[in-house]
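The values are calculated or read from the model by the stated rules, or taken from the named source; none is laboratory data. In this text the structure is predicted, and so the values were computed from the model without any measurement. Reconstructed Cβ throughout: ideal geometry from the backbone, glycine too, with neighbour counts over all protein chains shown. With ligands, DNA and RNA removed, areas are computed over all heavy atoms of the protein, side chains included. Shrake-Rupley method; radii C 1.70, N 1.55, O 1.52, S 1.80 Å.
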Amino acid sequence: MGRSKAIILKLKKRKGLLLLLLVMGVIYYFLLPSPLFDKPYAAVLFDRDGALLSARLPADEQWRFPPKAEVSAKMKTSILLQEDRYFPFHWGFNPWSLLRAAYWNFKSGKVLSGGSTISMQTIRLARHNPARTIREKLWEIILATRLEWRYSKEEILALYLAHAPFGGNVVGIEAASWRYFGRSAKDLSWSESATLAVLPNAPGLINPGKNRATLLQKRNQLLAELRNENYLSENDYKLALLEALPDKPQAIPNLAPHLLEQQIADGVLSQKPSTLSFSLQEEAMKQIDAALAKLKLNRINNAALLLIDNANAEVLAYVGNSKDGPGHYNDMLQTERSSGSILKPFLYAAGLQSGQWLPQEIIPDIPMHFEGFHPKNYDGKFRGMVKADEALALSLNIPAVVELREFGVDRFTNLLRETGISSLHKNADHYGLSLILGGAEVKAWDLAMAYSAWAQKLNNKATLRQIHYYTEDSVAIKSPYSKAAIWQSLAVMQRLNRPGSEQGWQYFGRSPIAWKTGTSFGFRDAWAVGICPQYTCIVWVGNASGEGRPGLVGAEAAGPILFNFLNAIVDQRPWFETPYNQLSEEIVCAHSGQLASSICWERDTVWIPFQAKALKPCQYHQQYYTDENVKFRYNYNCSGDITIKAQSFFQLPVIESYYYAQQHPTYRQLPPLSPACADDFSGENYLDVLFPMEREKIFIPKKLAGEKSELIVEAVLRDANSRLFWHLNGEFLGETKDMHTKALNLVPGEYKLWLEDEKGHNYQRKFSVLQQ
């Protein structure tokens, strides 16, 4: 019985011991916090090759970069020889080092060495450097062994080097490398690596003007050890001794502050490389600074530039704003601003693709009024009719509005959203026809993405990519535009007159660039976009505050920055290949640009997209019978004995004809109908009203004194020498000659305007005046 009790007692003791060991094991397992370090890291931004572009101090104002996964061979060798040469072999602590330290400390009567391994020092740093006691040392040993179980040797070394002190407010090897030597730790020489390796246990040695001799002595001692261990040859050792110590800390680069802020907002604090190029970013900043030095004289304070690699949609340069001055902290690449006319190429391409118009089809360029919206061309001129490609090349506003009205605002708004323009938050009715002239706000980032997708498509990329500044952020996208429509649009944009000294660029061997500028209403935003096979570049210039300035025009403010920058970086390369497999050659009327009909006497050939639908035959050539001298027109039933012949005339509507003839002296007007022929006196082909439009509803504004303004009504006659008789609601108003305008004082109500020329041709127009 006694034997059984003994056995039971023994088993209980074993169970108790096992339970104790289990509890201790659990405690041991959870001894280390996760993450090990709770200190904030600096936000850092590196270029594609690891060069530092920008950095921001964390809350504790210590330059502490996020840990890197790998430690350079030179730095690893130097720090191990200096701090813990047996680091690869021990389990967190080195008994011999502890005993040696205890012996020397006892012998000297003071603490000379702590005998700590790198693992133990890592624990000490993680615990915020508590007071040095025997109890604390034992605790560090326990935690160091646990550290060895959780992390690999490489990870422990990386953690140590990322949090070791290197003098002043510099913490960690990467921050120290950039502060003292202006480059990454992986690029340091043996002498530089040795200099930093001796600092963690004596960080005060780096103070400028102090302790220089001691720092030099310690560095040279470590270099001698490196030579003795055969890491350095005798010659390399001597050369390393000649290298100077670092002077005062260098300024951290600040080349891409706005992208860094974007990265902070995205929660990215790692040391992974971005897609940016240090040299291209530096060149972009240089061009922006040089341009703003002049622009600021006109109180234009801000500018931004974005450069995309069309091979892979990677961001190569990101200048979100000027580096100083009013509003410089705003990232203008991500800010919604009025588009001006920078969207016109997208409309032109959409019309080509759908067959809405052909490349050289003529588009009306006459005074237009749309319910209070009165678009005007930048030069104030009217051309009557202008070819679609020429209208884009000249960036004419009125033809663009006509095109948008024909294409459809809702349809184009949806197309822009498909293209990647993310700032169209409202429905199409909100934007109306002003959409194409800056009635909507866009981001430079979105424009770059949309135009880069064009270039990617012409570069025959199987998958189009969203622009991105980290490789892992590459996302597949689609562009609703065909290669044919894109190629034709860029061909037009390539013909634009370049600014200033860029005139004659084609004679100096520079690579071709398709480009477009835009200017918002009130001279608040100046845009320029440049596209070539290699790059897509977007430039914005203006004031972040929204203040407009005279001279803030795309071609004058943004265009020079674009070309100065591209001329500095673009290689001479061939233009995009012509996508013949997506183009069809068609015969068109040389005058109208529409498909040639049988009576078009001059013809031309153009390339059009295969998928273009509903192409119109020429509607401006009409056949008439005239006498041999083309003095009068005739019908068969009124020609009598006069010999008549059929002739084709290129005839435009009255208003278009009026302005077109001013620009084209050879334009042949239709001869009058012979007096021997009956006339229906319809004025449709003889006169028209510029303003108001049919059934237009008009608000008449008041003057400053409160009186109501006059309504100016304007008409056009095909026969410039004829008088015009005016009637309004049956009341005769008078007659005009040469300049056919009338100033009317009208009250709210419905009106019918009746016009008649000397030959009896009449025309009417209905409109209404609304109550204020």
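Checking the conditions here, which among S434, S422 is small (G, A, S) and in contact (Cβ under 8 Å) with a residue 40 or more places away in the chain?
Details: S422 fails: in contact (Cβ under 8 Å) with a residue 40 or more places away in the chain.
One residue alone meets the criteria, S434.
What are the residues in the range 231-249 that are open to solvent by 80 Å² or more (accessible area, probe 1.4 Å) and touching a residue at least 60 places away in the same chain (Cβ under 8 Å), if any? Steps first, please.
The initial filter retains those residues of the range 231-249 that are open to solvent by 80 Å² or more (accessible area, probe 1.4 Å), namely 231, 234-235, 238-239, 242, 244, 247-248.
Of everything in the range 231-249, just one residue is open to solvent by 80 Å² or more (accessible area, probe 1.4 Å) and touching a residue at least 60 places away in the same chain (Cβ under 8 Å), namely Y231.
Could you please let me know if N220 is in contact with a strand residue (DSSP E or B) (Cβ under 9 Å, 6 or more places away or on another chain), open to solvent by 10 Å² or more (accessible area, probe 1.4 Å) and not acidic (D, E)?
Against the criterion (in contact with a strand residue (DSSP E or B) (Cβ under 9 Å, 6 or more places away or on another chain), open to solvent by 10 Å² or more (accessible area, probe 1.4 Å) and not acidic (D, E)), N220 does not qualify.
Considering only residues of the range 560-589 that are open to solvent by 20 Å² or more (accessible area, probe 1.4 Å) and within 21 Å of K387 (Cβ to Cβ), which is farthest from the chain's Cα centre (by Cα)?
I587
Yes or no, residue by residue, for (1) buried (at least 16 other Cβ atoms within 10 Å of the Cβ); (2) in contact with a helix residue (DSSP H, G or I) (Cβ under 9 Å, 6 or more places away or on another chain); (3) assigned to a helix (DSSP H, G or I); (4) small (G, A, S):
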{"site": "L260", "(1), (2), (3), (4)": "yes, no, yes, no"}
{"site": "Q263", "(1), (2), (3), (4)": "yes, no, yes, no"}
{"site": "T275", "(1), (2), (3), (4)": "yes, yes, no, no"}
{"site": "Q287", "(1), (2), (3), (4)": "yes, yes, yes, no"}
{"site": "A290", "(1), (2), (3), (4)": "no, yes, yes, yes"}
{"site": "L307", "(1), (2), (3), (4)": "yes, yes, no, no"}
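For residues that are in contact with a Cys (Cβ under 8 Å, 6 or more places away or on another chain), of a type outside the set (K, R) and farther than 14 Å from P672 by Cα, tally how many sit in the range 600-636.
6
Which of the residues belonging to the range 518-536 are among the hydrophobic types (A, V, I, L, M, F, W, C), open to solvent by less than 30 Å² (accessible area, probe 1.4 Å) and out of contact with any helix residue (DSSP H, G or I) (no Cβ under 7 Å at 6 or more places or on another chain)? If you could, list the steps in order and put the result at the bottom.
If we filter the range 518-536 for residues that are among the hydrophobic types (A, V, I, L, M, F, W, C), which is where we start, we get 521, 523, 526-529, 531-532.
Checking which are open to solvent by less than 30 Å² (accessible area, probe 1.4 Å) leaves us with 526-529, 531-532.
Passing the criteria: only C532.
R603: at negative phi, of a type in the set (K, R) and open to solvent by 40 Å² or more (accessible area, probe 1.4 Å), yes or no? First the steps, then the outcome.
Values: at negative phi: yes; of a type in the set (K, R): yes; open to solvent by 40 Å² or more (accessible area, probe 1.4 Å): yes.
For R603, the condition - at negative phi, of a type in the set (K, R) and open to solvent by 40 Å² or more (accessible area, probe 1.4 Å) - is met.
So, in the range 250-277, exactly how many residues are without any contact (Cβ under 8 Å) to a residue 60 or more places away in the chain and on the phi < 0 side of the Ramachandran plot?
The first filter runs over the range 250-277 and keeps only residues without any contact (Cβ under 8 Å) to a residue 60 or more places away in the chain, leaving 251, 265-267.
Then drop every residue that is not on the phi < 0 side of the Ramachandran plot, which leaves 251, 265-266.
Residues flagged as without any contact (Cβ under 8 Å) to a residue 60 or more places away in the chain and on the phi < 0 side of the Ramachandran plot within the range 250-277 amount to 3.
Which residues, counting only those in the range 492-517, are at pLDDT 70 or above and either assigned to a loop (DSSP other than H, G, I, E, B) or open to solvent by less than 20 Å² (accessible area, probe 1.4 Å) (or both)? Please lay out each step first, then the result.
First, pick out the residues of the range 492-517 that are at pLDDT 70 or above: 492-495, 511-517.
Passing the criteria: V492, M493, Q494, R495, S511, P512, I513, A514, W515, K516.
One residue is enough: does the range 644-666 have a residue meeting the conditions at pLDDT 85 or above, of a type in the set (V, I, T) and farther than 21 Å from M385 by Cβ? Quick ask: steps written out before the conclusion?
Narrowing the range 644-666 to residues at pLDDT 85 or above: 644-666.
Then drop every residue that is not of a type in the set (V, I, T), which leaves 644, 654-655, 666.
Going one step further and asking which of them are farther than 21 Å from M385 by Cβ, we end up with 644.
Yes, because at least one residue in the range 644-666 is at pLDDT 85 or above, of a type in the set (V, I, T) and farther than 21 Å from M385 by Cβ.
Please go through (1) open to solvent by 50 Å² or more (accessible area, probe 1.4 Å); (2) assigned to a helix (DSSP H, G or I) for R183 and return the number of the only condition it doesn't satisfy.
Looking at each condition in turn, R183 falls short on (2).
How about the range 130-150: which of its residues are part of a loop (DSSP other than H, G, I, E, B) and either under 22 Å from Q82 (Cα atoms) or touching a His at 6+ places or on another chain (Cβ under 8 Å) (or both)? Break it down into steps so the answer makes sense when it comes.
Here is the first cut: in the range 130-150, the ones part of a loop (DSSP other than H, G, I, E, B) are 130-133.
Residue satisfying the conditions is R132 alone.
Which of (1) farther than 17 Å from A311 by Cβ; (2) basic (K, R); (3) at pLDDT below 95 is the odd one out, the single condition K461 does not satisfy?
(1)
Of the residues that make up the range 334-352, is at least one touching a helix residue (DSSP H, G or I) at 6+ places or on another chain (Cβ under 6 Å), assigned to a loop (DSSP other than H, G, I, E, B) and over 28 Å from A491 (Cβ atoms)?
Yes, that holds for at least one residue.
Within the range 637-660, count every residue that is touching a strand residue (DSSP E or B) at 6+ places or on another chain (Cβ under 7 Å) and outside any loop (DSSP other than H, G, I, E, B).
14
With part of a helix (DSSP H, G or I) and either within 30 Å of V319 (Cβ to Cβ) or not aliphatic (A, V, I, L, M) (or both) as the only criterion, which of K248, K210, K218 stands out? Lay out the reasoning, then the answer.
Working: K248 fails: part of a helix (DSSP H, G or I); K210 fails: part of a helix (DSSP H, G or I).
Being part of a helix (DSSP H, G or I) and either within 30 Å of V319 (Cβ to Cβ) or not aliphatic (A, V, I, L, M) (or both) holds for just one of K248, K210, K218, which is K218.
Determine which member of the set L99, L112, L138 is more than 29 Å from S189 (Cβ to Cβ), open to solvent by 80 Å² or more (accessible area, probe 1.4 Å), at pLDDT below 85 and in contact with a Phe, Trp or Tyr (Cβ under 7 Å, 6 or more places away or on another chain).
Details: L99 fails: in contact with a Phe, Trp or Tyr (Cβ under 7 Å, 6 or more places away or on another chain); L138 fails: in contact with a Phe, Trp or Tyr (Cβ under 7 Å, 6 or more places away or on another chain).
When all the criteria are applied, what remains is L112.
Residue by residue, here is whether (1) of a type outside the set (F, W, Y); (2) open to solvent by less than 60 Å² (accessible area, probe 1.4 Å) holds:
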residue	(1), (2)
R417	yes, no
I421	yes, yes
H425	yes, no
D429	yes, no
L435	yes, yes
W445	no, yes
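Within the range 338-351, is even one residue buried (at least 24 other Cβ atoms within 10 Å of the Cβ) and within 13 Å of the chain's Cα centre (by Cα)?
Yes; the residues of the range 338-351 include at least one that is buried (at least 24 other Cβ atoms within 10 Å of the Cβ) and within 13 Å of the chain's Cα centre (by Cα).
If you scan the range 189-217, which residues turn out to be hydroxyl-bearing (S, T, Y) and open to solvent by 10 Å² or more (accessible area, probe 1.4 Å)?
Within the range 189-217, the subset hydroxyl-bearing (S, T, Y) is 189, 191, 193, 195, 214.
Once the filter is applied, which keeps residues that are hydroxyl-bearing (S, T, Y) and open to solvent by 10 Å² or more (accessible area, probe 1.4 Å), the range 189-217 yields S189, T214.
Could you identify the single residue in L80, L21, L53 that is of a type outside the set (S, T, N, Q) and in a strand (DSSP E or B)?
L53
Listed here are the residues, each with its yes/no results for (1) of a type in the set (F, W, Y); (2) farther than 30 Å from V268 by Cα; (3) open to solvent by 50 Å² or more (accessible area, probe 1.4 Å).
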site: R48; (1), (2), (3): no, no, yes
site: L53; (1), (2), (3): no, no, no
site: A69; (1), (2), (3): no, no, yes
site: K76; (1), (2), (3): no, no, yes
site: L81; (1), (2), (3): no, yes, no
site: R85; (1), (2), (3): no, yes, yes
site: G92; (1), (2), (3): no, yes, no
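In the range 483-491, is there at least one residue being open to solvent by 10 Å² or more (accessible area, probe 1.4 Å), part of a loop (DSSP other than H, G, I, E, B) and either in contact with a Phe, Trp or Tyr (Cβ under 8 Å, 6 or more places away or on another chain) or at pLDDT below 95 (or both)? Lay out the reasoning, then the answer.
The initial filter retains those residues of the range 483-491 that are open to solvent by 10 Å² or more (accessible area, probe 1.4 Å), namely 483, 487-488, 491.
Filter once more, so that each one left must be part of a loop (DSSP other than H, G, I, E, B): none.
Among the residues of the range 483-491, not one is open to solvent by 10 Å² or more (accessible area, probe 1.4 Å), part of a loop (DSSP other than H, G, I, E, B) and either in contact with a Phe, Trp or Tyr (Cβ under 8 Å, 6 or more places away or on another chain) or at pLDDT below 95 (or both), which makes the answer no.
Looking only at the range 579-599, how many residues end up being without any contact (Cβ under 8 Å) to a residue 60 or more places away in the chain, farther than 26 Å from S674 by Cβ and part of a loop (DSSP other than H, G, I, E, B)?
Residues flagged as without any contact (Cβ under 8 Å) to a residue 60 or more places away in the chain, farther than 26 Å from S674 by Cβ and part of a loop (DSSP other than H, G, I, E, B) within the range 579-599 amount to 2.
Rundown of residues vs (1) in a loop (DSSP other than H, G, I, E, B); (2) open to solvent by 80 Å² or more (accessible area, probe 1.4 Å); (3) among the small types (G, A, S), yes/no style:
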| position | (1), (2), (3) |
| --- | --- |
| I538 | no, no, no |
| S545 | yes, yes, yes |
| A558 | no, no, yes |
| I608 | no, no, no |
| Q622 | no, no, no |
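Could you check the range 698-724 and list, in sequence order, the residues that are open to solvent by 50 Å² or more (accessible area, probe 1.4 Å) and either at pLDDT 85 or above or of a type in the set (A, V, I, L, M, F, W, C) (or both)?
Residues satisfying the conditions are F699, L704, A705, E710, I712, E714, A720, R723.
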